[in-house]
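Participant: Below: one structure in structure tokens.
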Amino acid sequence: MQSRFAVLQKRNDIQAAAPAAPAPEKGVSQILPSSRKAAAAAEPAKVEGAKTSSRVLDARVRIHRMLIEEINLVALERLPREEMRRQVSDFVAEKVRAERLALNVAELESLIDDIVDEMVGLGPLEPLLKDPEISDILINGHNNCFVEKKGKLTKIHVPFKDEAHLLRIVNKIVGAVGRRIDESSPLCDARMLDGSRFNAAIRPIGVDGPLVSIRKFSKNKLSLDRLVDFGALTRPMAEVLAAAVHARKTTIISGGTGTGKTTMLNALSAFIPEDERLITIEDAAELQLQQPHVARMETRPANIEGHGELRQRDLVKNALRMRPDRVILGECRGEEAFDMLQAMNTGHEGSMATIHANTPRDAIARLEQMLGMTGMPMTVQSIRSQIASALDIIVQLTRLSDGRRKITSVAEVTGMEGDVIQMQEIFRFVRTGTDSDGKIIGHFEATGIRPRCLEDMRAMGIEFPGKYFEPGRPQE
Ligand SMILES: Nc1ncnc2c1ncn2[C@@H]1O[C@H](COP(=O)(O)OP(=O)(O)O)[C@@H](O)[C@H]1O
Ligand SMILES: [Mg+2]
């Protein structure tokens with residue numbers, strides 16, 4: 001009986017072992033010269049390690065600063081690349097002489113390359129974008145910047161010369177993906193060429209100058225196995241969730257911003273059988289489904305005249321005309337909930353979505369609200385019964401105060417009693433304390449309730465040891 005699960009396990013391994021996703025490989029680096037691209041690929045992050053002489057590094061920083069101060073960058077950036085390099089090269093050669101720096105030809109050339117790269121690339125953001133340990137870059141005006149590394153936010157100094165410098169880089173990013181941002185439309189949410197999610201709010205919305213949030217695209221999305229290794233859930237929980245997804249149990253991932261919803265959705269989607277046709281709908285395509293048959297759609301904001309907007313709801317409706325087996329909605333947050341639930345109730349079981357909520361109960365309440373927003377004449381009772389019959393599993397994610405992300409609850413929706421949606425918790429994370437470093441201490445446990453959907457899974461040949469659901473048993 002376990003053998004059936006081996007199929008799931010295998011898929012899991014494949015994903016874990018899979019090299020970088022086949023997704024868009026163009027990268028921010030598309031607007032970077034290839035030399036730098038190669039170097040960055042070969043040795044990410046600490047490229048400029050101990051060996052590179054600090055003398056050259058210092059010189060680079062200083063000369064680059066002089067260049068920014070003394071030269072009309074805007075004009076320089078408009079030049080053809082060859083011409084730009086020649087001008088930068090003259091400038092650098094002159095400064096190197098003036099500063100009496102003893103550089104050999106190779107060092108001089110690489111210094112010029114670096115500086116040109118800075119000009120063509122995203123300036124002070126480049127090293128942050130290349131550092132694989134950084135997952136988020138958050139800028140609140142040019143001299144107030146934070147990065148997230150391993151779940152922890154840290155303030156850092158990013159050498160923007162002034163607000164205009166930052167704004168120029170924002171424009172560059174936005175322009176590279178065919179979007180715009182200015183005083184009349186000061187908000188922009190876009191996907192960068194490398195797949196990273198980019199959001200900017202400039203004046204007058206950004207009171208202290210440009211607000212920029214970049215959620216970096218991670219090439220190796222965490223697989224379910226890795227999430228188990230990270231302690232986000234236990235192996236038994238992972239096996240049950242994987243099997244539920246495999247067996248077309250409609251699953252909703254609930255959590256706050258940055259709790260790992262998209263990551264979990266992506267990891268679980270690996271267990272959808274390969275012969276199904278999947279349609280994904282997102283505001284900014286982040287999911288990296290591994291299946292061969294995936295059709296990806298992205299919403300579109302209105303153009304400058306206010307026309308042409310394509311919202312999630314439009315895309316969900318359209319997706320249903322595209323013969324999907326399952327629809328995967330990046331984030332359900334409004335009127336599209338109605339169409340999504342209809343889909344889930346009419347032959348597209350196993351569809352998945354994330355939702356912004358703090359508990360499984362709260363997720364249901366949110367859905368109710370969203371359905372109410374649709375303006376359809378529906379009674380509360382009918383709204384609830386739609387929800388109850390559509391959903392099977394709700395996975396709740398939480399980011400603990402120590403920065404770690406965990407599944408804090410797995411609940412099963414079992415139906416209606418009167419006009420109340422019935423839910424039962426299957427697994428949960430129990431906090432027992434905090435250690436001296438502020439790290440949360442706790443364990444996962446089963447509640448003792450055997451999920452109803454086990455029967456359907458058994459019919460598909462997937463069975464679990466009874467001990468997986470034994471109550472109070474601290475699960476590893
Ligand atoms: N269990 C986890 N452990 C460590 N990092 C995680 C975990 N889950 C997600 N992450 C990281 O956290 C960040 C936010 O995850 P994401 O899935 O985009 O969150 P959300 O969709 O909830 O906003 C990403 O950089 C992701 O790689
Ligand atoms: Mg997300």
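Only the coordinates and a few stated rules stand behind these numbers; no lab work does. Given the structure is predicted, the values throughout are model-derived calculations rather than measurements. Note that we place each Cβ from the backbone using ideal geometry, even for glycine, and neighbour counts take in every protein chain shown.
Participant: So, of the residues in the range 137-172 that are of a type in the set (Asp, Glu) and either more than 18 Å from Pro204 (Cα to Cα) or assigned to a loop (DSSP other than H, G, I, E, B) (or both), which turns out to be farthest from ligand 1 (Cβ to nearest atom)?
Facilitator: Checked the range 137-172; the qualifying residue farthest from ligand 1 (Cβ to nearest atom) is Asp162.
Participant: I've got another one for you. Among the residues of the range 305-322, is there at least one that is in contact (Cβ under 8 Å) with a residue 24 or more places away in the chain, within 16 Å of ligand 1 (Cβ to nearest atom) and surrounded by 19 or more Cβ atoms within 10 Å (Cβ to Cβ)?
Facilitator: Looking for residues that are in contact (Cβ under 8 Å) with a residue 24 or more places away in the chain, within 16 Å of ligand 1 (Cβ to nearest atom) and surrounded by 19 or more Cβ atoms within 10 Å (Cβ to Cβ), one finds at least one in the range 305-322, hence yes.
Participant: Here is a further query. The conditions are (1) crowded, with 20+ Cβ neighbours inside 10 Å; (2) away from ligand 2 (no atom under 13 Å from the Cβ); (3) within 19 Å of the chain's Cα centre (by Cα), and Thr234 fails exactly one of them. Which is it?
Facilitator: Condition (3) is where Thr234 drops out.
So that you can scan it fast, the table gives a plain yes or no per residue for (1) in a helix (DSSP H, G or I); (2) within 28 Å of Lys216 (Cβ to Cβ); (3) without any contact (Cβ under 8 Å) to a residue 60 or more places away in the chain; (4) out of contact with any Leu (no Cβ under 7 Å at 6 or more places or on another chain):
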| residue | (1), (2), (3), (4) |
| --- | --- |
| Ala59 | yes, no, yes, no |
| Ala75 | yes, no, yes, yes |
| Gln87 | yes, no, yes, no |
| Asp90 | yes, no, yes, yes |
| Lys95 | yes, no, yes, yes |
| Glu109 | yes, no, yes, yes |
| Ile115 | yes, yes, yes, no |
| Gly123 | no, yes, yes, yes |
| Leu129 | yes, yes, no, no |
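Participant: Let me ask something else. For the range 245-266, enumerate the residues that are in contact with a helix residue (DSSP H, G or I) (Cβ under 7 Å, 6 or more places away or on another chain) and more than 7 Å from ligand 1 (Cβ to nearest atom).
Facilitator: Answer for the range 245-266, where residues must be in contact with a helix residue (DSSP H, G or I) (Cβ under 7 Å, 6 or more places away or on another chain) and more than 7 Å from ligand 1 (Cβ to nearest atom): Val245, His246, Ala247, Thr250, Thr251, Ile252, Ile253, Ser254.
Participant: For the range 399-413, check the following and say yes or no: at least one residue is over 19 Å from Phe271 (Cβ atoms), away from ligand 1 (no atom under 16 Å from the Cβ) and in a loop (DSSP other than H, G, I, E, B).
Facilitator: no
Participant: Taking the condition surrounded by fewer than 18 Cβ atoms within 10 Å (Cβ to Cβ) and of a type in the set (Asp, Glu), does Asp392 pass?
Facilitator: no
Participant: Of everything in the range 426-473 that's in a helix (DSSP H, G or I) and acidic (Asp, Glu), which residue is surrounded by the most Cβ atoms within 10 Å (Cβ to Cβ)?
Facilitator: Among those that are in a helix (DSSP H, G or I) and acidic (Asp, Glu), it is Asp456.
Participant: Further question: Among the residues of the range 270-283, how many are assigned to a loop (DSSP other than H, G, I, E, B) and either in contact with a His (Cβ under 9 Å, 6 or more places away or on another chain) or buried (at least 20 other Cβ atoms within 10 Å of the Cβ) (or both)?
Facilitator: The number of residues fulfilling the criteria is 8.
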